[in-house]
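Visitor: Dumping the structure here so I can ask a few things about it.
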Amino acid sequence: MARNALLRTFSRHLLKPLAFWLLALPVLWLGWQWGMLLNGQAHGLGFNPIETTHRFLGDTAIRILLVSLAITPIRDLTRWGPIMMVRRRIGLAAFWYALLHVLAYLGLDLFIEAGTASGALAALWRDVTDRIYITLGMSAFILLLPLAITSFKCCQRWLGARRWQGLHRLVYPLAILAVLHHGFMVKGFQLAPWIHGGILSALLAYRLVGMKARKRPHPSTNAA
């Protein structure tokens, strides 16, 4: 009884604030490192802080996206319903980190190199058409945009439950695109893209098994 009461108290009062601060930690750390860099102090951004920044933001976006996809399986396996309260918050955090990743790539990388906004956009277009990992990444971000915009309850009511659910199933193809983007981007063998791919494969398998189970006729129906 005491354990259940403690869990209810945590779910009601602490779960959302804890999720907020955990989701904010990566960008707070990044801001702290840039502060150290600009003050001429030792930092953790390596010899190429710009590349480290947009790669860190992209990796964080993918990991948070995978966490958002894992919320429903966690709920199903643990029977802890309140965890669903933070799913939208986690999904939106994935969007914001993806947006910062794109802006860092445009602003800190392409704009500094090109010198003008038009030059940066032209360089972006060349990258999208010439580099497969940029094509995959921008495709994933474009699919993520409508999901973030329609994540609020007013949009759910406006679209209706069926259309809203159909739209938000785009999260699965965009997650595949995001993981492939990471895999094609890295040079040589790196473990992180394989870990991301393995986690996503497990989540997709869980989703497919659940869909088949829901479509399977109930024994009582067959008996009737």
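The values are calculated or read from the model by the stated rules, or taken from the named source; none is laboratory data. Predicted model, so just to flag it, every value in this text is computed and none were measured. Note that each Cβ is placed from the backbone with ideal geometry, even for glycine, and that neighbours are counted across all protein chains shown.
Visitor: I'd like to know if region 75-86 contains one or more residues that are buried (at least 16 other Cβ atoms within 10 Å of the Cβ) and either at pLDDT below 95 or in contact with a strand residue (DSSP E or B) (Cβ under 6 Å, 6 or more places away or on another chain) (or both).
Guide: Yes: one or more hits.
Visitor: Here's a follow-up. Need a quick list: helices (runs of 4 or more DSSP H) entirely within region 106-224 having at least 1 residues that are farther than 18 Å from I62 by Cα and β-branched (V, I, T).
Guide: By residue number, 117-130, 132-149, 191-215, 219-223.
Visitor: Another question, then. Could you please tell me which pairs satisfy a Cβ distance under 6 Å, a separation of 6+ or placement on different chains, a first residue in region 75-86 that is assigned to a helix (DSSP H, G or I), and a second residue that is among the charged types (D, E, K, R)?
Guide: Close Cβ pairs satisfying both conditions: I83/R75; M84/R75.
Visitor: Still on this structure, please answer the following. Can you go through V67, V27 and tell me which one is more than 30 Å from A205 (Cβ to Cβ), in contact with a helix residue (DSSP H, G or I) (Cβ under 8 Å, 6 or more places away or on another chain) and modelled with pLDDT of 95 or more?
Guide: V27
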